[in-house]
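Report on the structure given below.
The values are calculated or read from the model by the stated rules, or taken from the named source; none is laboratory data. Keep in mind that what you see is a predicted model, and the values were worked out from it rather than measured. A quick note on method: Cβ atoms are made from the backbone with ideal geometry, for glycine too, and the neighbour counts reach across all protein chains shown. What goes into the accessible areas is simple: the full protein's heavy atoms, side chains included, and nothing from ligands, DNA or RNA. Shrake-Rupley method; radii C 1.70, N 1.55, O 1.52, S 1.80 Å.
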2 protein chains.
Amino acid sequence: MTEGVPTGTDADVAAVTEANLALYTALEEGDLDALTDVWVSGADADDVHGAVCVHPGWPVLRGRASVLRSYALIMAHTDYIQFFLTDVEVEVLGDVALVTCTENILSSGDVETEGELGPLVGGRAVATNLFRRTSEGWRLWSHHGSPVLTSGGDDDGEGDDEG
Amino acid sequence: MTEGVPTGTDADVAAVTEANLALYTALEEGDLDALTDVWVSGADADDVHGAVCVHPGWPVLRGRASVLRSYALIMAHTDYIQFFLTDVEVEVLGDVALVTCTENILSSGDVETEGELGPLVGGRAVATNLFRRTSEGWRLWSHHGSPVLTSGGDDDGEGDDEG
């Protein structure tokens, strides 16, 4: 145990895990309303502690409006996407929770015939998701996703490779 | 002002900004000792709240040992690197601080003549750096860096593009 550091309860970890899943479910379903609920809002999302988001390969987006607009754009250009999360780790420190996970992504590629889905393509990204405890529950404060480009080594083993 | 959210003082923001700079200075100088001091350590770096790091294109590294080993590897393969940080934003929430910034990177490319530096190449990445307030000052809890691959639009303007 870490002395002096307020760790989260099992209930906290469960609630954060659920909030993290809600992000990906909203993306899979193309549900911008649900996605909106995932992010910090109202008095929790002002200039001081606003939403911050980095999509894979993108620059930093700051502020709830910019972030939600980016998701609307992504959803408009995504016919099908599914996330298989692996290596999910949740750490709660007081009113902040840090989640890291691997996003194994299955999505539709370029459309060959209008009205049909393109061929399914797989991809892998990693995400650092930072949540805040608010009066309405855990809400996403910061999302940073990036493509995994390296192929060497046993990536999955790295998480357990602590000395 | 956000009601009910403990924002940081100017001194907090200054201290976090300095801690963030120390990360990049340590990398520029190839100083692994200094880099070690930047990260959470000892009782602050156990399994529950250990160091978490994502280098651009890499999978998630967890635990102080894994993270520091990765930096040793990067330093061993880097003859010269310089960071010009832009768009730095610091948000302090209680004992946690979230820093986002753009890393404009100048580094030496492939060496043409042994003993000399290769041609300088530029690159751009964005980072989400999460710090914790410890008894020894602000220490890095999580670093996530990713390459900026998109070229379209006025990226620098995005930060101010809040509605």
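Roughly how crowded by other chains is peptide A:86-97, in terms of the mean Cβ count from those chains within 10 Å of each of its Cβ atoms? Intermediate results must be reported in sequence, preceding the final value.
Numbers: counts 0, 3, 0, 5, 0, 8, 2, 8, 5, 6, 8, 0.
Rounded to a whole number, the mean comes out at 4.
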Convex hull volume of the stretch A:10-147 per residue (C-alpha atoms, cubic angstrom): 104
If each label sits 7 angstrom from Cα along the C-beta direction, how far apart, in nm, is B:Gly137 from its counterparts in the other copies? 4.1
At a Förster radius of 56 Å, what calculated FRET efficiency corresponds to the Cβ-Cβ distance of B:Thr25 and A:Leu120, to the nearest 0.05? 0.80
A:Asp37 accessible area, nearest 10 Å², 1.4 Å probe? 100
Report the A-B buried area as the accessible area lost on both sides summed, probe 1.4 Å, in Å² to the nearest 100. 4500
Given a 1.4 Å probe, how much area per residue of the stretch A:10-147 is accessible, in Å²? 42
Measuring label to label, 7 Å along Cα→Cβ, what does B:Glu89 give against each other copy in nm, shortest first? 2.7
Give the nm distances, rounded to one decimal, from B:Gly57 to the matching residue in every other copy, measuring between label points 7 Å along Cα toward the beta carbon; shortest first. 1.4
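Ranked highest first by average number of other Cβ atoms within 10 Å, how do B:120-132, A:65-77 line up?
Numbers: B:120-132: 19.1, A:65-77: 15.8.
Top to bottom by mean Cβ count within 10 Å: B:120-132, A:65-77.
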